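The values are calculated or read from the model by the stated rules, or taken from the named source; none is laboratory data. These figures come from a predicted structure and were not determined experimentally. Here the Cβ positions follow ideal geometry from the backbone for every residue, glycine too, while neighbour counts run over all protein chains shown. Areas reflect the complete protein model, heavy atoms only, side chains present, ligands, DNA and RNA absent. Shrake-Rupley method; radii C 1.70, N 1.55, O 1.52, S 1.80 Å.
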Amino acid sequence: MTELEQQLAFIIEIDKLKAVYRQTTVKEDKNRHENSAEHSWHITLTAQLLQGYAEKPINMTRVIKMLLIHDIIEIDAGDLFAFAEQKDHQQQALKEEKAAQRLFGLLPTSQSEEYKSLWLEFEEANTSDAQFAKSMDRILPLVQNMNNQGGSWAKHKISQAQVLARNNHLQTIAPKLWQYVVSQTELAVDKGWLLTAN
């Protein structure tokens, strides 16, 4: 295959992300489940709008790339609910690694290596870019659930501690957004959308 044929094969394959559905619902569309492609677009724009809250230097081009590709692996691995059991997350990680090899392997070598590396960096969240990207991936569902009377939190009986733990990267990368998350979870507890117990 030529490089163009490989790139087009990947472009065709990632169209399947539109058929992977998440627990988060779209309030404005009769509470249908959001798909992962919509989520990727939404968090990418969220990151651009909120980048001014990052208190460590970040490279927005890298952050945007991470956010656009981070869920592509769900084409093969499926979406796992954020608050699933730890053992389920461990099994999912194995599926996702295999999916990353296959899906990014469709690309020409240089792009394949770049995308796999960015995906892994996002997953490990050891750099400021990845921590900010992962924080955007975590804060957007909070905004959506707060806008939808608890949304998937209320449905699955999620606790405040669980939501805070998922957003913990914000404490160092964007403390003002962390304060917002804490205040929103307190409001959600008051409204009965989040539980107070672990």
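A few points about this structure:
- Filtered by the rule that a residue be free of Cβ contacts under 8 Å to residues at least 40 places away in the same chain and buried (at least 21 other Cβ atoms within 10 Å of the Cβ), the range 73-86 gives a lone residue, 77.
- Of all the listed residues (70, 89), the sole one being touching a helix residue (DSSP H, G or I) at 6+ places or on another chain (Cβ under 7 Å), within 25 Å of residue 162 (Cβ to Cβ) and either open to solvent by 30 Å² or more (accessible area, probe 1.4 Å) or not basic (Lys, Arg) (or both) is 70.
- For the range 1-55, the set of residues classified as open to solvent by 50 Å² or more (accessible area, probe 1.4 Å), touching a strand residue (DSSP E or B) at 6+ places or on another chain (Cβ under 6 Å) and closer than 14 Å to residue 75 by Cα consists of 18, 21, listed by residue number.
- Only a single criterion out of (1) over 17 Å from the mean Cα position of the chain (by Cα); (2) more than 16 Å from residue 131 (Cα to Cα) is not satisfied by residue 56, namely (2).
- Checking 48, 7, 86 one by one, the residue that is of a type outside the set (Gly, Ala, Ser) and under 23 Å from residue 113 (Cβ atoms) is 7 and no other.
Rundown of residues vs (1) over 17 Å from the mean Cα position of the chain (by Cα); (2) under 15 Å from residue 71 (Cα atoms); (3) not polar (S, T, N, Q), yes/no style:
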| site | (1), (2), (3) |
| --- | --- |
| 121 | no, yes, yes |
| 170 | no, no, yes |
| 182 | yes, no, yes |
| 195 | yes, no, yes |
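- Every residue from the range 99-116 that is touching an Asp or Glu at 6+ places or on another chain (Cβ under 7 Å) and either of a type in the set (Lys, Arg) or not in a helix (DSSP H, G or I) (or both): 102, 106, 108
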